[in-house]
Structures are given as C-alpha cells and as structure tokens.
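Below is one structure; the comments refer to it alone.
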Amino acid sequence: MAILEYKCPNCTGPLGFDPGTQEVTCPYCGSVFSIEALRGMGEGLAAEQDQAPESVGWDYHGGGWGPREQQGLAVYTCKSCAGELVGDETLGATSCPFCGNQVVFTSVFAGTLRPDLVIPFKLDKNAAIASLQKHYGKHKLLPAAFRDENHLEEVKGVYVPFWLFDADADARIEYSATKVRRWSDSRYSYTETSSYDVIREGVAGFHRVPVDGSKAINNELMESIEPYSMADAVDFQPAYLAGFFANKYDVGADESAGRADERIRNSAEKEFAKTVTGYDSVKTKSADITLRNHAARYALLPVWLLSTSWQGQNFLFAMNGQTGRFVGDLPYDEKTKRLWFLKIFGVAAVALVILPQIVIFLLSGGLR
C-alpha cells in the first residue's frame, strides 16, 4: 500500500508542518523546507491530478485527487463514533479527537474530493495547551482529576472540512418603527408616540460563508470558534497535512446549503436592520430575501481538538488554529459544588445573624 511520506532528504526523519514558521521542518536534524520545495519533492503530483470534475451539488464541481496523491493519504477510522480522519503513516496509532477512543488505520484515502483551499495552522500545540489550561483556571468547580495533565498530551491538530458558500441576497424588509416625544407643563406630563412604516431594499453579497462538512463534529461548536480570516486561505497542498489530521468530509455541499442559506439570510437581516436608525423602537414586520449566484468551494480549516470523558459524559474542546479562540463545556465536581454552597450559605447565615445585632446596637446608642 503506497503512502505519501514527507521524509527529510537529509536524515529520512518524518517531516511536519510548523505553524510558527509556516514551513515544514524535521524534528531530528533541524532541516527546514518551504511548501514550494515540497511541491517539487512530490514529483509533480499536482500535474497528475484527475481533471474530471466530481459534482456534489449546489453547483459545485471540484477537482479529483491525482493518482499518487490519492494513494498517499491514509484513512484512520474511529470504531466508536465512526469519524474518519486523513493522515499519513507518521501519525501511527492515536486517539480520536472527537470522542477520545482509539482510531485505527483502515484504508487509503479514496472516493472524495480534493480540497480547493486550506488555511494553514498559525498556532502550535503549545498555544492550544496554554489556552486549555487558562480555560480550566476559569472554572473553580472543575474536578481535580479532570485537570490531569495527561489530557494535555491528547490535544490534536485537525483540519476540519468546510464548505465555503458565496451568494447574493436580494432583500426587501419592512419594519414598524416608533418615535416617542415626552414633555410636561405645570399640570401634566405628556407622551406622544409616532408610528412609521420603514422599508429597506437592496442587494448584499456574501463571500465564503463557512459550514462544516463533518457529521462527527457539532456545527454550533465550529461556529463558536469563528471567525476565520479568509485572507490566509491558500491553494491546497498535501504538505500542509504533515503532522496533522484532516477530517474527511461526509456532508456534501447540497446537504450543507440549507445551513448556509440560513446563516446568509440571518446576516442579511442584521445588516439591513443596522440601516434603520433614529427611532426609539424597531420591529421587523416582514422579510423577503431571495438568494442567487450560488457557488461553493471545499476547504480545510485548522482546529485544535481535545475530547475527554468524565463520569460517562464526553466533553469536546476546540480552539481556532488560526486565531486562538477557545470554547468547550466543562464538568463540575458535585462535592466542590456542595462545599461552595455551604460556604456561601454560611456567610449569608452569619450575615443574617450579625446584621440585626448591629442594627439593634446602633439604635440603642452604640458605645457610650
């Protein structure tokens, strides 16, 4: 089985993409290579790319993988959540970043589209660990065992598949608005409320609206670590995957289009609402928004993930690998929660006893 291995030409050690330098480095001899250099090492893999486009809906026609590119990408499948991750041989056996269970090598990467774009990792694993520890520090009720530093080694860099949608929104939105005027004289106070019908019409263009294309990861979680700066998106090269996982998309563009439409419509309403100013109250009466000029592109966006279990529950943390935005739910320790409650209740009880005594003391004249 052929595997695309990015090996150091100087010492044959496995190469990995370094978010700090945006180059590919060898941890053994310290050699550094640019993405362009590795493109040359790939012996023209891009030139071998299958030119027959594959349609996945929503007017998207993506390019196929070149024969050698396709052979060189291995799939790791989680037996628990069925998440599929794309990596190379250097990753070895590891745990699933989505549910924490072991994943195993199953096959070469096949039957899917080649990404159009990728935003390379800008922040390394140390930055992700620091953010996780900071996140822990904000939660006083976190179980002590949950802070085990073993979890920190399980933080994994994953390129999550996203569909990036473009569309123009033709909008006609009607609002009911009011202006309130108040005044008074020597006898009365007056209030005058004037009502208005306000109409806004126009076109709003939306470019590269992201929707994640993986069933293994929650849409809301991915949206909570946005935004990404699309200015950093570059043409995809397999070398960016060196040392990282890439989650294999299993939700097509057509399936993701409904969520994209919803995000675009909501954003259009918010943008038009910002133009209705000078009123004391504004309510939307009706919104007619039609989308046209649809287009989609397939991209990989960088995410640091940690999945861990506590008392039968799975907790997933995510950090934007470009900006550092960090989110994730945490468990709380019931014993610590009870102690905190008792402390708070005890302080309140003492206050209820002492305060009346102070009041009586003051009313009686205090110290004489």
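The values are calculated or read from the model by the stated rules, or taken from the named source; none is laboratory data. Please read these numbers as outputs of a predicted model, since none were measured by experiment. Here the Cβ positions follow ideal geometry from the backbone for every residue, glycine too, while neighbour counts run over all protein chains shown.
Let's see how each residue does on (1) at pLDDT below 90; (2) loosely packed, with under 14 Cβ neighbours inside 10 Å:
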| position | (1), (2) |
| --- | --- |
| Asp197 | no, yes |
| Glu201 | no, yes |
| Asn218 | yes, no |
| Pro238 | yes, no |
| Leu291 | no, no |
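All but one of (1) surrounded by fewer than 21 Cβ atoms within 10 Å (Cβ to Cβ); (2) at negative phi; (3) under 16 Å from the mean Cα position of the chain (by Cα); (4) not acidic (Asp, Glu) hold for Arg208; which doesn't?
Failing condition for Arg208: (2).
When you scan segment 119-136, how many residues do you find that are surrounded by fewer than 18 Cβ atoms within 10 Å (Cβ to Cβ) and in a loop (DSSP other than H, G, I, E, B)?
Adding up the residues that qualify gives 2.
Output the qualifying pairs, or none if there are none: Cβ atoms under 8 angstrom, residues six or more apart or on different chains, first residue in segment 119-132 and assigned by TED's automatic domain parsing to the domain that holds Val303, second residue charged (D, E, K, R).
Listed pairs, sorted by first residue: Ile119/Asp232; Pro120/Asp232; Lys122/Asp232; Asp124/Asp18.
Can you tell me which of Ile225, Ile264, Ile199, Ile217 is under 28 Å from the mean Cα position of the chain (by Cα), more than 30 Å from Pro19 (Cβ to Cβ) and among the aliphatic types (A, V, I, L, M)?
Ile264
Pick from segment 200-235 the residues that are hydrophobic (A, V, I, L, M, F, W, C) and touching a Lys or Arg at 6+ places or on another chain (Cβ under 7 Å): which of them is farthest from Val118 (Cα to Cα)?
My answer is Ile225.
Just the residues that are assigned to a helix (DSSP H, G or I) and either touching a residue at least 12 places away in the same chain (Cβ under 8 Å) or not assigned by TED's automatic domain parsing to the domain that holds Ile119 (or both), please, taken from segment 195-222.
Once the filter is applied, which keeps residues that are assigned to a helix (DSSP H, G or I) and either touching a residue at least 12 places away in the same chain (Cβ under 8 Å) or not assigned by TED's automatic domain parsing to the domain that holds Ile119 (or both), segment 195-222 yields Asn219, Leu221, Met222.
Since Val251 meets every condition but one in (1) in contact with a strand residue (DSSP E or B) (Cβ under 7 Å, 6 or more places away or on another chain); (2) modelled with pLDDT under 95; (3) β-branched (Val, Ile, Thr), which condition does it not meet?
Tallying (1) in contact with a strand residue (DSSP E or B) (Cβ under 7 Å, 6 or more places away or on another chain); (2) modelled with pLDDT under 95; (3) β-branched (Val, Ile, Thr), Val251 fails exactly one: (1).
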